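Undergrad: Let me give you the structure first, and then I'll get to my questions.
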Amino acid sequence: MKKLIVGNWKSNKTIESSRSWLESFSQHVSEFEDNAEIVIAPPFPLLSLVGGQAAGLGFKLGIQDLSQFDAGSYTGAVSIHNLQDLGVSYAILGHSERRRYFRETDHDVAGKVAQAISAGIVPLVCIDESYISSQAAAIEDDHLSQCVVVYEPLAAIGTGDNADVGNVKEVAEKIRLAFGDVKILYGGSTNSQNVGEYTLVVDGVLVGTASLDAKEFAKLVINAV
Ligand code: PGA
């Protein structure tokens, strides 16, 4: 099965630096085999620019958050209605940075999952190892099997201290008990050197820092399969 490689740009990049990234990435596309599904999740203001190149460069478009509400009076929130025609395929939901800095609750995340599914967007639900059962329990039963679940240990995010592969394997088992037979990704300080260890035990990776440099991200994609 194709490995899923998701680049999460977080709140980085401008129009200009996104253009440079796309230009640099385009020089490596011919080196990829067809056995990885690549997703780039830029900040909302860059969706249109990055999405415009997605088909040509062989990646899908992702978002890093989504409103749990429909279109309406929700200042600052981005609803599925706003995203129509932008070609968004995946949504990173419940990232630990959203839970920590924006106080997102399991209930909020469940609402976002429901919105994504109703719009045909695949939810990439980030979970915490200590709360897998309660985070799964908050999500509607018939939505669980439609999620891709991402295991990102807090200590590994942006620290260079990537998790032990044995631990990732164990947590993947726990995720399957709670969510069923879903795709599972690992995230946390993955790079082109260590990605191959993780794609042996899970279905792909969520990549932060190493996705910001197009050449490093391209190398990561090549080494992931
Ligand atoms: P990192 O971030 O690769 O920089 O550790 C991963 C993530 O938070 O998605």
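The values are calculated or read from the model by the stated rules, or taken from the named source; none is laboratory data. All values reported here derive from a predicted model rather than from experimental measurement. Cβ sites come from the backbone with ideal geometry, for glycine too, and all protein chains shown count toward neighbours.
Undergrad: Considering only residues of the range 169-225 that are part of a loop (DSSP other than H, G, I, E, B) and hydrophobic (A, V, I, L, M, F, W, C), which is surrounded by the most Cβ atoms within 10 Å (Cβ to Cβ)?
TA: Val202
Undergrad: Something else now. Tell me whether the range 150-166 contains one or more residues that are of a type in the set (Phe, Trp, Tyr) and touching a Ser or Thr at 6+ places or on another chain (Cβ under 9 Å).
TA: No, the conditions are met nowhere in the range 150-166.
Undergrad: Looking at (1) modelled with pLDDT of 95 or more; (2) in contact with a strand residue (DSSP E or B) (Cβ under 8 Å, 6 or more places away or on another chain); (3) crowded, with 16+ Cβ neighbours inside 10 Å, find the lone condition where Gly87 falls short.
TA: Every listed condition holds for Gly87 apart from (3).
Undergrad: Tell me which of these Ser133 doesn't satisfy, since it passes every other one: (1) closer than 22 Å to Lys10 by Cβ; (2) part of a helix (DSSP H, G or I); (3) away from the ligand (no atom under 16 Å from the Cβ).
TA: With (1) closer than 22 Å to Lys10 by Cβ; (2) part of a helix (DSSP H, G or I); (3) away from the ligand (no atom under 16 Å from the Cβ) applied to Ser133, the lone miss is (1).
Undergrad: Tell me, which residue of the range 61-84 that is surrounded by 15 or more Cβ atoms within 10 Å (Cβ to Cβ) and of a type in the set (Ser, Thr, Tyr) is nearest to Tyr131 (Cα to Cα)?
TA: Result: Ser67.
Undergrad: Can you spot a residue in the range 138-145 that is within 16 Å of the ligand (Cβ to nearest atom) and either touching a residue at least 40 places away in the same chain (Cβ under 8 Å) or in contact with a Ser or Thr (Cβ under 9 Å, 6 or more places away or on another chain) (or both)? Outline the logic, then answer.
TA: First, the residues of the range 138-145 that are within 16 Å of the ligand (Cβ to nearest atom): none.
No, because not a single residue in the range 138-145 is within 16 Å of the ligand (Cβ to nearest atom) and either touching a residue at least 40 places away in the same chain (Cβ under 8 Å) or in contact with a Ser or Thr (Cβ under 9 Å, 6 or more places away or on another chain) (or both).
Undergrad: Another question, then. Have a look at Glu37, Glu16 and point out the one that is touching a strand residue (DSSP E or B) at 6+ places or on another chain (Cβ under 7 Å) and at pLDDT 95 or above.
TA: Answer to the selection: Glu37.
Undergrad: Related question: Being assigned to a helix (DSSP H, G or I) and within 15 Å of the ligand (Cβ to nearest atom) is the filter here, so list the residues in the range 154-166 that pass it. Reasoning before the result, please.
TA: Taking the range 154-166 as the starting set, the residues that turn out to be assigned to a helix (DSSP H, G or I) are 154-156, 165-166.
Selection gives Leu154, Ala155, Ala156.
Undergrad: Report, by residue number, each residue of the range 104-117 that is within 18 Å of the chain's Cα centre (by Cα) and assigned to a helix (DSSP H, G or I).
TA: Going residue by residue through the range 104-117, those that are within 18 Å of the chain's Cα centre (by Cα) are 104, 106, 108-117.
Selection gives Asp106, Asp108, Val109, Ala110, Gly111, Lys112, Val113, Ala114, Gln115, Ala116, Ile117.
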